[in-house]
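Structure, as structure tokens:
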Amino acid sequence: MKKITTKIANAVSVAVIVLSITACDEALSARDDRSVDEQRLADIKAQLREDNRGDRVTGELWATRSAVLGKNGMAATSHPLASQVAIDILKEGGNAVDAAIAANAALGLMEPTGNGIGGDLFAIVWDPKTEKLYGLNASGRSAESRDLETMKASIKAKLESGQVTNGDEIPSWGSLPISVPGTVDGWYMLHDRFGKKPMAENLAPTIKYAREGHPVSQTIAFYMEIYRERYERHAKSGLIEELDNYRKTYLIDGKAPVEGQLFKNPDLANTLEKIANGGRDAFYKGEIADRMDAYFKRIGGDLRKSDFESHTGNWIDPVSVNYRGYDVWELPPNGQGIAALQMLNILKGYDIAAMGSNSADYLHVSTEAKKLAFEDRARFYADPDYQTIDLEYILSDDYADERRRLISMETAMQQVEHGDPKLIEGDTIYMTVADKDGMMVSLIQSNYRGMGSGLVADGLGFIFQDRGAQYSLTEGHPNVYAPNKRPFHTIIPAFMTKDGEPIMSFGLMGGAMQPQGHTQIVVNLVDFGMTVQNAGDAARYHHKGSTAVTWQGRMQDGGTLELESGMRGDVVEELMRRGHKVEITSGPFGGYQAIWRDPKTGVYWGASEMRKDGMAIGY
């Protein structure tokens, strides 16, 4: 009986398997016979972007996120941990200036590829008590001991030894381009005038992170490897006088840190602790100044303790133009902020809104306006202690009208001349913070080219800037190198007001991209009605090839118009027809942070750059 039962069970199993196989074959056959609705398929494919990005349920599909909202405070920086540091300071009773200083210190540790206390600082502060904007120029000056003749002689020697390939400009690496760092003095100028919390408390979060470590973010890791390779190459040639201090400070087992790896900088923690306890004089007159003096003597650099002792920043008045009812504010030279104002003055003569966002007409007139403004930038912008310009004239509607007449809607300019000589009368971080009382801080800080010169003083934990590479070597030029002179600066904070009320604190870092970026943000907001976040997310243009501020390489061929891949093909075709040389590239398009204040509710709208690792945080 048992055997019969087993045989029956086996037979049933075989039958089931046969039926299953048959059913599967029939299903496959039916599937093969099914026809695809070609029109339906075409309709579906037309809806696909095929870029592996998810869809937003509201707002623009191309936007990365909505703005961050907060009533009591907002911080927008290029690193999430720095933004969190700023918010913590606000919650502990500090104001926007305290939080800005704290976040800037954190960025010097966490984003050394763009800034640090070896660099310079500029800021615009809206003070709700006086209902006024205050500008700060905390940029440093060149060494007193070197004049133009000896600078040229040193560059000639480096050219002959093969350390540089261009003898007509100051190199970007080593000791020659280093000027006195102005950041620490800038912190204390801001704090003395507006701060509430003790500086020791503002610097404490960064000191803790520097000792205990923080995880390196993706973009920072990418750039740290780029600069490691570059520094090693220039140290091998002898252009960078010594590199051991850099290696000890910024490399881990001889390699640049990778994403997610913990990075510590105990030397910087010690330096910041001395500054916190001893004030700005600890840096410019005390033990830190002594160490910097000894270091430059050891490697054959120019700066001496007397250069640090004589340093001072300056409170200055921001300047503005009115763009369709909004006052846009920038700082005057030695920075390049007024280039953005010149561009806006030219553009307000066109119906930009009717042209459409990133249309061929809009991109064309914007690029041409940039060419015109940048030719003036190259010829006239310089340290106002040595050469001033007629700001009222250069920012006037009459001058904008005169320059606008040079633009043809059909043909891109290949060469541009600067304006009337009567104008002459005699990688960076951007961050912004706002507090519950209405104080708003627009702050930018930089080592200039990436991480800076490559030189780190013994035991101090920071790289010196290379801003002096921006001096001209042409005698008679306003920006020509001279002892105790501030170089031309690219870093510019910005601000917008309307009817005397603060509207937006914003900036977009990135060398010559900055005036172009500021202009694009304002136009996106005012002409195209974008939100503060969308204004930064939209595809950008960047024109390169204008005459350099060193007065080398005059523009002869119209330069190159770089576009992000979000631009339309028909627009690119039309731009090329008009004579623009177009390239599609991933950069440099800068890094944007902004805080918009609703004048009716007082609510802050925070925006952060999708091209960086940063974040806006509100509460």
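The values are calculated or read from the model by the stated rules, or taken from the named source; none is laboratory data. Treat the numbers as computed from the prediction; the structure is a model and nothing was measured. Cβ sites come from the backbone with ideal geometry, for glycine too, and all protein chains shown count toward neighbours. These accessible areas exclude ligands, DNA and RNA; they are computed on the full protein's heavy atoms, side chains included. Shrake-Rupley method; radii C 1.70, N 1.55, O 1.52, S 1.80 Å.
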Item to complete: Any chance you could look up the accessible area of Lys370 with a 1.4 Å probe, heavy atoms only, rounded to 10 Å²?
Response: 0 Å²
Worksheet entry | Cα gyration tensor, the range 470-619 - rounded (a/c under 1.5), prolate or oblate | oblate
Response to the item:
Taking protein heavy atoms only, a 1.4 Å probe, and rounding to whole percent, the accessible area of the range 461-619 owed to carbon and sulfur comes out at 50 percent
Practice prompt. Could you go through the range 399-414 in sequence order and give the Karplus-derived ³J(HN,Hα) for each residue, using 6.51 cos²θ - 1.76 cosθ + 1.60 with θ = phi - 60°, rounded to whole Hz, and x for Gly and Pro?
Written response: 5, 4, 4, 4, 6, 4, 5, 7, 8, 9, 6, 9, 9, 6, 5, 9
Practice prompt. May I ask which residue of Tyr386, Asn447, Ala373 lies farthest towards the positive end of the charge dipole of the range 363-475, with charges of +1 (Lys, Arg) and -1 (Asp, Glu) on Cβ and the Cα centre as origin?
Written response: Asn447
Response to the item:
For the range 371-417, the accessible surface attributable to carbon and sulfur atoms (probe 1.4 angstrom, ligands and nucleic acids excluded) amounts in percent to 44 percent
Discussion item. Tell me whether the range 129-218 comes out rounded, prolate or oblate; compute the Cα gyration tensor, take square roots of the eigenvalues as a ≥ b ≥ c, and use a/c under 1.5 as the rounded threshold.
Written reply: oblate
Discussion item. Please compute the per residue accessible area over the range 44-185 with all protein chains in place, 1.4 Å probe, rounded to a whole number of Å².
Written reply: 40 Å²
Worksheet item: Given the rule -39500 (n - 2.57) for each run of at least 4 DSSP H residues, summed and divided by the residues of the chain, what is its mean residue ellipticity at 222 nm, to the nearest 500 deg cm²/dmol?
Response: -12500 deg cm²/dmol
Discussion item. Restricting to DSSP loop positions (anything but H, G, I, E, B) with no more than 16 other Cβ atoms inside 10 Å of their own Cβ, which trypsin sites (Lys or Arg not before Pro) remain in the range 54-115?
Written reply: Arg56, Arg65, Lys71
Worksheet item: Hey, what do the phi angles of the range 485-493 turn into as Karplus ³J(HN,Hα) couplings, whole Hz, using 6.51/-1.76/1.60 and θ = phi - 60°, x for Gly and Pro?
Response: 10, 7, x, 4, 10, 8, 7, 9, x
Worksheet item: Roughly speaking, what is the centre-to-centre gap between the range 581-600 and the range 347-422 when only Cα atoms are used, to the nearest Å?
Response: 20 Å
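Which percent of the accessible heavy-atom area of the range 288-367 goes to carbon and sulfur, probe 1.4 angstrom? The partial results should precede the final answer.
Numbers: 1100 of 2460 Å².
Carbon and sulfur together cover 45 percent of it.
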Item to complete: Report, in whole Å, the centroid distance computed from the Cα atoms of the range 428-507 and the range 256-272.
Response: 23 Å
Fill in: With all protein chains modelled, accessible area of Phe462 [1.4 Å, Å²]
10 Å²
Item to complete: Send over a whole-number figure in Å² for the accessible area per residue of the range 194-277, probe 1.4 Å.
Response: 49 Å²
Worksheet entry | Accessible surface, the range 342-486, averaged per residue in Å² (probe 1.4 Å) | 30 Å²
Practice prompt. Take every Cα pair under 8 Å in the range 498-597 that's 6+ residues apart, average their separations, divide by the length, and report that relative contact order as a whole percent.
Written response: 38 percent
Worksheet, complete the sentence: Any lysines whose Cα falls less than 28 Å from that of Lys370, other than same-chain ones fewer than 8 residues away, would be Lys348, Lys422, Lys485, Lys498, Lys544, Lys581, Lys612
